[in-house]
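Let me begin by presenting the structure, written as structure tokens, before commenting on it.
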Amino acid sequence: MQILVLNGPNLNLLGTREPEIYGATTLADIEAACISHGATIGLTVSCAQSNCEGILIDHLHAARGTMAGVIINAGAYTHTSVALRDAISAIALPVVELHLSNTHAREAFRHVSLIAPVCVGVIQGFGARGYNLALDALKGHLTRA
Ligand code: CA2
């Protein structure tokens, strides 16, 4: 079972700035942990990151037919992108929305997610550990476990 872990804008800077909000773990650490935890629970994880909305959409389109599901931290596009929401809807794959921080405990503009209604669920507020939680949740969803 192949899973895409997709990270959006500015998440390539993880571990370098604002550790009080996003933690000290780098994106490379998170991706390595996803691959490792995925292998433990029987998932083959591929990872991608882009700062560009259109490239994120291209990754979602490419997941159709190759991936069983997607975990996405869409970063700030979560709160703004109708195009990303339409892409998630269009690929008809189970997608888990993920955030490192609890967006509801932050500024009001982060309280709205345009993608949440087209995702199977949301995990947020647990820092880098959330990626493993999302993999467990997606595995359970896919296997009805
Ligand atoms: O909490 C999350 O995971 C977010 O998706 C992170 C986004 C933010 O816009 C969302 O509201 C919530 C921002 C990612 C910025 O990442 C940085 C990492 C290190 C230093 C600066 C920014």
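The values are calculated or read from the model by the stated rules, or taken from the named source; none is laboratory data. What you see is a predicted model; the values in this text were computed from it and never measured. Note that we place each Cβ from the backbone using ideal geometry, even for glycine, and neighbour counts take in every protein chain shown. When the accessible area is computed, the model is the full protein with side chains, heavy atoms only, and any ligands, DNA or RNA have been set aside. Shrake-Rupley method; radii C 1.70, N 1.55, O 1.52, S 1.80 Å.
Among the residues of the range 1-44, those identified as among the acidic types (D, E) and open to solvent by 70 Å² or more (accessible area, probe 1.4 Å) are E18, E20, D29. Scanning the range 130-145 for residues that are closer than 13 Å to N73 by Cβ and open to solvent by 30 Å² or more (accessible area, probe 1.4 Å) turns up just one, L133. From the list H61, H141, the one residue that fits, being at pLDDT 95 or above and either touching a strand residue (DSSP E or B) at 6+ places or on another chain (Cβ under 8 Å) or within 11 Å of the ligand (Cβ to nearest atom) (or both), is H141.
Of all residues in the range 71-107, those that are open to solvent by 60 Å² or more (accessible area, probe 1.4 Å) and either more than 26 Å from A33 (Cβ to Cβ) or more than 12 Å from the ligand (Cβ to nearest atom) (or both) total 8. With the condition kept exactly as written, say whether any residue in the range 112-123 is more than 16 Å from I21 (Cβ to Cβ), without any contact (Cβ under 8 Å) to a residue 12 or more places away in the chain and part of a helix (DSSP H, G or I). No, that holds for no residue. The C-beta contact set for the range 20-47 (first residue closer than 22 Å to H59 by Cβ, second residue crowded, with 18+ Cβ neighbours inside 10 Å and among the aromatic types (F, W, Y), distance under 9 angstrom, 6+ apart or interchain) comprises I30/Y131; E31/Y131; A33/Y131; C34/Y131; H37/Y131. Can you find a residue that is of a type in the set (F, W, Y), closer than 23 Å to A62 by Cβ and part of a helix (DSSP H, G or I) anywhere in the range 99-111? No, that holds for no residue.
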